[in-house]
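Novice: Could you have a look at this structure, given as structure tokens, before my questions?
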Amino acid sequence: TKQILLNTIFDQRNWQPGQDSDLPGIVNEKLLSDYLHHVFPASSKHGPASATYRKVLNFQDLGAHLERLLSEDEPAEDVSDQVDGRLGPSPVVLDHTSGFEGLLFVDDDLLGVIGHSNFSSIRATTCVYKGKWVYEVLISSQGLMQIGWCTLNCRFNQEEGVGDTPDSYAYDGNRVRKWNVTTTNYGKSWAAGDIVSCMIDLDEGTITFCLNGQSLGTAFSNIKMGPGVAYFPAISLSFKESVAFNFGSRPLRYPFILTFHFIADPPTADLNKANRLLGYIKTVLSTSIDTQVHLIHLETDSETEVLSSFFHYFRNNCINSFSVFQDFEVNECLKQLMMSLLRAYRFSPIIPDLGFQIHYLRLTTAILRHEKSRKYLLSNVATFDVLRSVVFFYIKTPLRVKEAGLEELIPTTWWPTRFDKEGKDEKDLRHETAEERLRRRAYERGCQRLKKRIEVVEELQVQILRLMLNNKDKGTGEASRYIFLNKFRKFLQENASNRGNPTVLCPPEYMVCFMHRLITAVRSYWDEGKRKSAGAISSEEAYVPPQVFYNGKVDYFDLQRLGGLLSHLKKTLKDDLASKANIIIDPAEIQAASMDDLDEDEESGAAQVKLLWRWLADANLLNMSFTFEGSHGNDGLLLGRPLEEPDQPITEKSLLEILDGIVMMYNLSVHQQLGKMVVVSDDVHEYAVALKDTEEKIARCPGRRPDILEELQKSQKVFAEKLNHLSRRLAWINATIYSKEKMLDVYWLLRVCIRTIEHADNTGSLFAFNPEFYLNVAMNSYSALKNYFSPSNSMEELPGYEETLTQLAAILAKHFADPRIVGTDIKDSLMQALASYVCYPQSLRAVERIPEDQRVAMMRNLLAPYEQRPWAQTNWILVRLWRGCGFGYRYTRLPHLLKTKPEDANLPSLQKPCPSLLLQRHMAELLSQDKDMAASFLNSVLNQLNWAFSEFIGMIQEVRTMHSPQSVAFVFCALQLLNQVLNRVTAERNLFDRVVNLRLPGNARACDGRTVKIARAASVLLSDPCFQLHSIQHLLGEGEASAAGADHKHFSLHAYTDYISAEEEQKVEQMLGFLTEESKQAAATTAPTCEDDLCPICYAHSISAIFKPCSHKSCKACINQHLMNNKDCFFCKATITGVEDYSKPAGS
């Protein structure tokens, strides 16, 4: 205080040297005493003290004098707890020790609360039993909450909360109801930023609620009262809902009824002290001393001018002012200030210009610009841990457009009104009407206005992060960036290691915004470093070098590596570490790890990895430490560079570690949140389709049915209102989550992961040290770009899009069968990603662009025996490579399925066929050149078909028993066609080789496609006992089905003109005619003349085959079917070594 007074009161030019060392420039001790008594006068109740008799006052006595003055108005004892009608301690807060149920996150001031379980409840520490009382609740989220009063006897659980028990009463603004065991309609709907006033009158026995100062009417009357009954303020709230209570420690927002008392007493004594201190400051700033004439001059500044001068002083002298305060004063001041800013930002209502958010962010930025304050907050204040400060980087999404003023920003709404035959939005804008074009452009202008306002907030958030990432402020100790990095790694550890403990997890919606702001800040510092260091790479080429993953400098907690546990990798790859990276593992460490059951989490904790670098091994000079804190905490981050890694600077090591953390953040929860928010776009699509369908029904509605027309018009109005709301909300989500800038951030992260994986892959066996989440983020970020950001932004417009697709295709093609990767989950993910990749034309073309040796290796791996690979996904990939080349494979979705749901529109299984002739050729060459591979592949396929058809046949048989024969005519035909396939497929090993080696009649020619003639193929087909011509007639809608009547629709290829061309239909008709004629000729020429010429097994065909060596005979169909499962003769049980054609001798 003395320094402030000296700097404020005395003009430097009037100071004169004096004898008092504490008062340089003061020559008149009486003048100083008069001045101090004038500024800090005694209380008037003691009477005015004469200047002659009052005690001389100087700066040494000023502290004690102030304490006496400030203690004059304090009551003799605190009687606040003895107010009639109230019981409980002071101050009144939420009871976080015993008065709660479920999981809750309570703020440090015990007034704010966030739900972290299904339905959590908590009450206050103070209750009331007589009189009239009120408290306020600030609504931060407008989800499911029940706010009100409860008694001590109320017992809550995860299903029942405040209002669900007999002695509890609640108001629910989400469902607009009141609750007391039963529920009825009451009040109005609340929104984030609203104030709910909860009033209880224990004289009349009533409970009333107010919303933003407006009474909602008496909610409950005749409530239970009497001895032993007291009511606590209480709330129940669902997961992630949040509120802030005000029991009276701060002025109520709506103190409209003076007869109601606050639950908590206002801090009158503290307010009086504050007012008195502000009065002293006003006097100081309005008084000056002329040391030449020993006079005190009074000035008449207004209060506004006084406060302006006061804050002007602190703005210009903030650094010097720290020397005035004690450390504990700075601690408490900054703690309370940041808590207030955090709460104010989180609970501030959303207005069109986001003015509240901008105001609080600017205040935070101003504080963090001061180096000493910034470092103190980062280092010491628990309330400014990364988990809490993430709130500053979140822009909450309004659930209601009115609360954000979106109706003013976006007065005109728009949604898609044209859809293709698969139900997807029609992207061709050439067919839209002039009115639709005007609406769409007006909507886009409104979205652009909203985006510009949000960008102001985002820029302030980036400024905050840039201040926290400052690494040049080492003059007062450790740089801010290293303090932040320490907190950041702890933040990641909490979110990676506590998946089952939601109270310490950062909400995913916060994590998304935090990641985008952090990417922007890191890239700006990265590029600044590039401009200063010519050898460094730019952020566009950023990656994490591979040595970070195995030199032990970065702790990856319990996250899985590609090659398994870290302890196992250090044991099995210790020689590779020594030869490739000059790292020698201490044998004692490996033995200790084995004793600890290879617990990676413990290894990465206190023990840490003790590495000895070969070039220091003989001297025994280096023993690696693993602290993240300190300006030298990541000095060894790049030690252990492999020979394959270029020896060039990348960027500052601290930025590399933050970049590694950003990738981990995306893997932890960002990707899942991106997928959740896309549901709003799906809802818009669904309602738009429903609205269009309703409008079409209105147009077709007959005039004689006004009742139907009225209902349809009501539905039309509901759908239109819902679309107005959703389209404005979608504009907010697109601006904050799915904007072009956010898409570029995710795309940049994808390219970082691709380059990181490529560099790690070059290290050979050391690739196994790479954390799994890098591959996961590469696959998931590509999926997000393709599925979540469209159609507002197109992935094709991204820079280097095709090259990036090709790089990712090469990674998937190489690593889905990489022996260095041992994790089952990550191997399955790679296989699924590759299966999805070949379903889309752009990504399939990328697979075709990878080098030929990689394509051939991929196909060889796909054709190899399955062993531990997922065979279903392998088959899916192979089928997709051919799908679209055959007959009738041009449909997007199966013809018998319903319209595609919006959320399923991008599913790989519903994409149009896009075959790859190039990959087909690779497969053909591999199978033709490697007979062993061909036989093994066909065996595995046939074995799977055996299992699949067995299941299918069982289902078909159930269908046949439940329906009439006519209704399953097509199914019955399909069963007959599949029967012969099933008969030739068994689980016996090497079945294909065995069938070929039997040299069955006609088999050689059937296997050699160049010699097979149409007549021979027709003969073989017609000789099969399961073949029936009317099955093909059924495909064309002919035969018995057509005779059933025109009113009954039957299956026919003619009905699928979109998928089957007229040329293909003509070929089927030609085939049917040819087979019909061949069947007639065969029946006329091959009919047996006597019973002895018929097959003795089936008696349906002529004898056409003779067995060797026993010479028994049968038809070819019977012997072929029998030999699939048994080598013994039908009649003599001799082993059949061959089958030859048989024709009856001419003279027989």
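The values are calculated or read from the model by the stated rules, or taken from the named source; none is laboratory data. Since the structure is predicted, the reported quantities are computational estimates derived from the model, not experimental observations. Here Cβ is always computed from backbone atoms with ideal geometry, including for glycine, and neighbour counts include all displayed protein chains. Side chains are part of the model used for accessible areas, which takes the heavy atoms of the whole protein and leaves out ligands, DNA and RNA. Shrake-Rupley method; radii C 1.70, N 1.55, O 1.52, S 1.80 Å.
Novice: Looking at ALA731, ALA778, which is the one that is in a helix (DSSP H, G or I), surrounded by 23 or more Cβ atoms within 10 Å (Cβ to Cβ) and free of Cβ contacts under 8 Å to residues at least 40 places away in the same chain?
Specialist: ALA778
Novice: Those residues that are of a type in the set (Gly, Ala, Ser) and either open to solvent by less than 50 Å² (accessible area, probe 1.4 Å) or part of a helix (DSSP H, G or I) (or both), I need them from segment 670-726; list them, please.
Specialist: Passing the criteria: GLY675, SER681, ALA688, ALA690, ALA699, SER715, ALA720.
Novice: Taking GLN873, is it at pLDDT below 85, open to solvent by less than 70 Å² (accessible area, probe 1.4 Å) and closer than 30 Å to ARG561 by Cβ?
Specialist: Yes: the conditions hold for GLN873.
Novice: Additional query: Please list, ordered by first then second residue, the pairs with beta carbon atoms under 8 Å, 6 or more apart or interchain, first in segment 349-373 and farther than 15 Å from MET338 by Cα, second part of a loop (DSSP other than H, G, I, E, B) and charged (D, E, K, R).
Specialist: Within 8 Å, the pairs are PRO349/ASP194; ILE350/LYS396; GLU371/ASP473.
Novice: Any residue in segment 704-721 that is in contact (Cβ under 8 Å) with a residue 12 or more places away in the chain sitting within a Cβ distance under 9 Å of a residue that is aromatic (Phe, Trp, Tyr)? List the pairs, counting only those 6 or more apart or interchain.
Specialist: Listed pairs, sorted by first residue: PHE719/TYR687; ALA720/TYR687.
Novice: I'm trying to understand the selection: among the residues of segment 1088-1131, which are under 18 Å from LYS1144 (Cα atoms), open to solvent by 40 Å² or more (accessible area, probe 1.4 Å), modelled with pLDDT of 75 or more and in contact with a strand residue (DSSP E or B) (Cβ under 6 Å, 6 or more places away or on another chain)?
Specialist: Result: ILE1097, LYS1108, LYS1113, LYS1116.
Novice: From GLU796, GLU803, grab the single residue that is in a helix (DSSP H, G or I), among the charged types (D, E, K, R) and at pLDDT below 90.
Specialist: GLU796
Novice: If you don't mind, another one. Residues in segment 155-177: is at least one of a type in the set (Ser, Thr, Tyr), open to solvent by 20 Å² or more (accessible area, probe 1.4 Å) and over 30 Å from GLN336 (Cβ atoms)?
Specialist: Checked segment 155-177: no residue is of a type in the set (Ser, Thr, Tyr), open to solvent by 20 Å² or more (accessible area, probe 1.4 Å) and over 30 Å from GLN336 (Cβ atoms).
Novice: For segment 251-266, which residues satisfy the criterion of being open to solvent by 20 Å² or more (accessible area, probe 1.4 Å) and at pLDDT 85 or above?
Specialist: Those that are open to solvent by 20 Å² or more (accessible area, probe 1.4 Å) and at pLDDT 85 or above: PHE260, HIS261, PHE262.
Novice: While we're looking at this one, here's another question. State all residues of segment 506-519 that are touching a Lys or Arg at 6+ places or on another chain (Cβ under 9 Å) and either in a helix (DSSP H, G or I) or without any contact (Cβ under 8 Å) to a residue 24 or more places away in the chain (or both); if no residue qualifies, say none.
Specialist: PRO508, GLU509, VAL512, HIS516
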